[in-house]
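Enquirer: Okay, here's the structure, questions in a sec.
The values are calculated or read from the model by the stated rules, or taken from the named source; none is laboratory data. Computed from a predicted structure; not experimentally measured. Counting neighbours? That spans all protein chains shown, and the Cβs are built from the backbone with ideal geometry, glycine included.
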Number of protein chains: 2
Amino acid sequence: MPVNPRAPIEVTAYNSVPPVARGFVKDMRVRWALEEIGLPYRVRLVGGVFGEKSAEHLADQPFGQVPVYKEDRLTLFESGAILMYIGEKDERLLPQNSSGRARAIAWMIAALNSVEPTTQMLFVVGFATQGQEWSDSAKAAVRPFAEGRLASLSHALGDREWLEGQFTIGDLVMVDVLRSVSEPELVAAHPNLAAYVGRGTARPAFERAMAAHLADLVETV
Amino acid sequence: MPVNPRAPIEVTAYNSVPPVARGFVKDMRVRWALEEIGLPYRVRLVGGVFGEKSAEHLADQPFGQVPVYKEDRLTLFESGAILMYIGEKDERLLPQNSSGRARAIAWMIAALNSVEPTTQMLFVVGFATQGQEWSDSAKAAVRPFAEGRLASLSHALGDREWLEGQFTIGDLVMVDVLRSVSEPELVAAHPNLAAYVGRGTARPAFERAMAAHLADLVETV
C-alpha cells in the first residue's frame, strides 16, 4: 500500500472540496501513477480548496493548487511535470527508449493542452454563467470545441487498447481528463473512448488511488 | 540560419492563417527553440489552417494542427512534447541535472495547463459568442480566471529575469503564452510580466524564428 507516513515522497492534497470535485482533484493523477509502480508516498493535507493558502504553500505551488510533490530537496508542482518525473523512474509508466518516451509525452501533453482545455472550458463557462438566461447558449457556443477534440481523439485511438503500445502516463492523464468531462455524454458518444476510460479506471492502481484520495477528504465544504 | 531545406529535422507549418493568427501559430514555439540552439530544420507546409487536412497529416497530428516534428523515424506532435525532445539535446534549453530539469518542465506545463487554458478560454468565448448581445457578459464571466492566473504568475516571477536560474523551455512557452493573450492589458497590468515578455521576444532567436514563420505565410485567407 503506497500511502505510508514514513515514505520519503510527499504529495499534498486538500482535506475538503465541494461534492462535485470529490474524486476529481489532480492529486489523483499522482497517486494513480505512484500506485502503478508501488512507490510509497506520504500525504500532507493543505486545507480545503476554498481556504486561504499559506505563504508556504504558495511558495511551493504558485497557483495555490494541489498536488505538490517533494522528494529529497526537490519541490515540484503541476501534475503533468510530476508524472514526467515519476515516469522516469519506471518504464511501466514511461518507456525508456527515446522515441517511445517522446510519443508517450506527446499524448500526455495532448491531454493537458489539446483536450482538457476544451472540456474544462465547457465546465467553467457553465459554472461562471449559471443563473444567466443565456448560460445554455454560452455552453452551446463552446461545446463544439470539446466535441471536435473528442472526435479526433476517438479517431486516433481506433480499436487500440492504449494510445501507444503500452499503458503510459499519456494514457493515465488522458483517461483522467476523459472521466472528468462535465457532460459524460460527449465521451459516451464515442464507444471506443468510453471503453478506454473503462479500461483505465478498472486498473487496480486507479482503484487504490481513488480510495486513498477519498479517504483524505475528511471535511465537507 | 536554421532554416535549411536539406536539414534532417522537419517541422510543419501552415501557409495561410487569418490576420489575427499571423505570428501566433504554434510552429513559432518550435522554430524559436531550434533557433536558440542553432539546430537546422526544414519546413513542410501543410496548407492553410482552414483547409481540409490530408489523411497523411491527420496520421501525424491527430488534431490536424501544426507543428509536427520529424527526425529519423520519429514523428512527434504537440509543441510542448517537441520542446521537451529538443530541450534534451541542449542544456541552453533544459538543464541536465535532474531537479533543474524537472523545475523547467514544471513551468512549461504550468504555461500549457494552468495559464494558457484560461487566456485561450477568454479568446474562444469572445470568438464563439460574437454578435450575441450577451457576448461581453460572457467574456466578463470568464476573464477572472485568466486574471487570477496572471496575478499568481506575476507574484511567482517577482523581480527575477527568468522563472528559474536560466532561460529554459519553461520561459519559452510562458512568454509565448503571455504575448498571445487576446487582451494585452491583462498582462500589461503586471509590469514585471510585461518586462518578462519584452525580454523573451527581444532574444535574437525569437526574432529569427518570427521572420521565418511570417515568411512561410505566403497566402492570405
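Enquirer: Closer than 28 Å to B:G165 by Cα, assigned to a loop (DSSP other than H, G, I, E, B) and touching a residue at least 60 places away in the same chain (Cβ under 8 Å), is that true of B:P95? Give the derivation first.
Expert: Working: closer than 28 Å to B:G165 by Cα: yes; assigned to a loop (DSSP other than H, G, I, E, B): yes; touching a residue at least 60 places away in the same chain (Cβ under 8 Å): yes.
Criteria met by B:P95.
Enquirer: Tell me, which residue of the range B:1-55 that is among the aliphatic types (A, V, I, L, M) and assigned to a strand (DSSP E or B) is farthest from B:E207 (Cα to Cα)?
Expert: The initial filter retains those residues of the range B:1-55 that are among the aliphatic types (A, V, I, L, M), namely B:1, B:3, B:7, B:9, B:11, B:13, B:17, B:20-21, B:25, B:28, B:30, B:33-34, B:37, B:39, B:43, B:45-46, B:49, B:55.
Next cut, assigned to a strand (DSSP E or B) only: B:3, B:11, B:13, B:43, B:45.
Working: B:V3: 13, B:V11: 18, B:A13: 17, B:V43: 17, B:L45: 20 Å.
Looking at the filtered set, the residue picked out is B:L45.
Enquirer: Kindly establish whether B:G48 is crowded, with 16+ Cβ neighbours inside 10 Å, out of contact with any Gly (no Cβ under 7 Å at 6 or more places or on another chain) and free of Cβ contacts under 8 Å to residues at least 12 places away in the same chain.
Expert: Values: crowded, with 16+ Cβ neighbours inside 10 Å: yes; out of contact with any Gly (no Cβ under 7 Å at 6 or more places or on another chain): yes; free of Cβ contacts under 8 Å to residues at least 12 places away in the same chain: no.
No: the conditions fail for B:G48.
Enquirer: Same structure again: Any idea which of A:A140, A:A215, A:A156 is within 14 Å of chain B (Cβ to nearest Cβ), surrounded by fewer than 16 Cβ atoms within 10 Å (Cβ to Cβ) and either hydrophobic (A, V, I, L, M, F, W, C) or more than 22 Å from A:G38 (Cα to Cα) (or both)?
Expert: Among A:A140, A:A215, A:A156, only A:A140 is within 14 Å of chain B (Cβ to nearest Cβ), surrounded by fewer than 16 Cβ atoms within 10 Å (Cβ to Cβ) and either hydrophobic (A, V, I, L, M, F, W, C) or more than 22 Å from A:G38 (Cα to Cα) (or both).
Enquirer: From (1) more than 8 Å from chain B (Cβ to nearest Cβ); (2) surrounded by fewer than 18 Cβ atoms within 10 Å (Cβ to Cβ), pick out the condition that doesn't hold for A:L150.
Expert: (2)
Enquirer: Quick check on B:V66: is it of a type in the set (A, V, I, L, M, F, W, C), in a loop (DSSP other than H, G, I, E, B) and assigned by TED's automatic domain parsing to the domain that holds B:M210? Lay out the reasoning, then the answer.
Expert: On the way: of a type in the set (A, V, I, L, M, F, W, C): yes; in a loop (DSSP other than H, G, I, E, B): yes; assigned by TED's automatic domain parsing to the domain that holds B:M210: yes.
Considered against the rule, which asks whether it is of a type in the set (A, V, I, L, M, F, W, C), in a loop (DSSP other than H, G, I, E, B) and assigned by TED's automatic domain parsing to the domain that holds B:M210, B:V66 comes out as yes.
Enquirer: Do we find that B:L58 is surrounded by fewer than 18 Cβ atoms within 10 Å (Cβ to Cβ), within 13 Å of chain A (Cβ to nearest Cβ), outside any loop (DSSP other than H, G, I, E, B) and not β-branched (V, I, T) in this structure? First the steps, then the outcome.
Expert: Working: surrounded by fewer than 18 Cβ atoms within 10 Å (Cβ to Cβ): yes; within 13 Å of chain A (Cβ to nearest Cβ): yes; outside any loop (DSSP other than H, G, I, E, B): yes; not β-branched (V, I, T): yes.
Answer is yes for this residue.
Enquirer: Among what's in the range A:84-100 and is buried (at least 19 other Cβ atoms within 10 Å of the Cβ) and within 9 Å of chain B (Cβ to nearest Cβ), pick the residue that is farthest from B:S79 (Cα to Cα).
Expert: The extreme case among them is A:Y85.
Enquirer: Quickly run through the range B:70-79 and pick out the residues that are assigned to a strand (DSSP E or B) and within 9 Å of another protein chain (Cβ to nearest Cβ).
Expert: Our first condition is that a residue be assigned to a strand (DSSP E or B); within the range B:70-79, this holds for B:70-71, B:74-77.
B:L74, B:T75, B:L76, B:F77 - these are the residues of the range B:70-79 that are assigned to a strand (DSSP E or B) and within 9 Å of another protein chain (Cβ to nearest Cβ).
Enquirer: I've got another one for you. A:A21 passes all but one of (1) more than 10 Å from chain B (Cβ to nearest Cβ); (2) buried (at least 16 other Cβ atoms within 10 Å of the Cβ); (3) over 30 Å from B:D72 (Cα atoms); which number fails?
Expert: (2)
Enquirer: Taking the condition more than 13 Å from every other protein chain (Cβ to nearest Cβ), at pLDDT 95 or above, on the phi < 0 side of the Ramachandran plot and not in a helix (DSSP H, G or I), does B:E183 pass?
Expert: Numbers: more than 13 Å from every other protein chain (Cβ to nearest Cβ): yes; at pLDDT 95 or above: yes; on the phi < 0 side of the Ramachandran plot: yes; not in a helix (DSSP H, G or I): yes.
Yes, satisfied.
Enquirer: Quick one: B:G170 ticks every box in (1) free of Cβ contacts under 8 Å to residues at least 24 places away in the same chain; (2) closer than 23 Å to B:T12 by Cα; (3) not aliphatic (A, V, I, L, M) except a single one, so which number is it?
Expert: (1)
Enquirer: Please indicate, with yes or no, whether at least one residue in the range B:102-118 is of a type outside the set (G, A, S) and more than 9 Å from chain A (Cβ to nearest Cβ).
Expert: The initial filter retains those residues of the range B:102-118 that are of a type outside the set (G, A, S), namely B:103, B:105, B:107-109, B:112-113, B:115-118.
Next, only the ones that are more than 9 Å from chain A (Cβ to nearest Cβ) stay: none.
The answer is no; no qualifying residue exists.
Enquirer: Of the numbered conditions (1) among the polar types (S, T, N, Q); (2) surrounded by fewer than 19 Cβ atoms within 10 Å (Cβ to Cβ); (3) part of a helix (DSSP H, G or I); (4) at the interface with chain A (Cβ under 8 Å from one of its Cβ atoms), B:Q132 fails exactly one; give the number of that condition.
Expert: Checking B:Q132 against (1) among the polar types (S, T, N, Q); (2) surrounded by fewer than 19 Cβ atoms within 10 Å (Cβ to Cβ); (3) part of a helix (DSSP H, G or I); (4) at the interface with chain A (Cβ under 8 Å from one of its Cβ atoms), the one that fails is (3).
Enquirer: Right, next: Keeping to the range A:27-45, report how many residues are under 24 Å from A:A111 (Cα atoms), touching a residue at least 60 places away in the same chain (Cβ under 8 Å) and out of contact with any His (no Cβ under 8 Å at 6 or more places or on another chain).
Expert: 6
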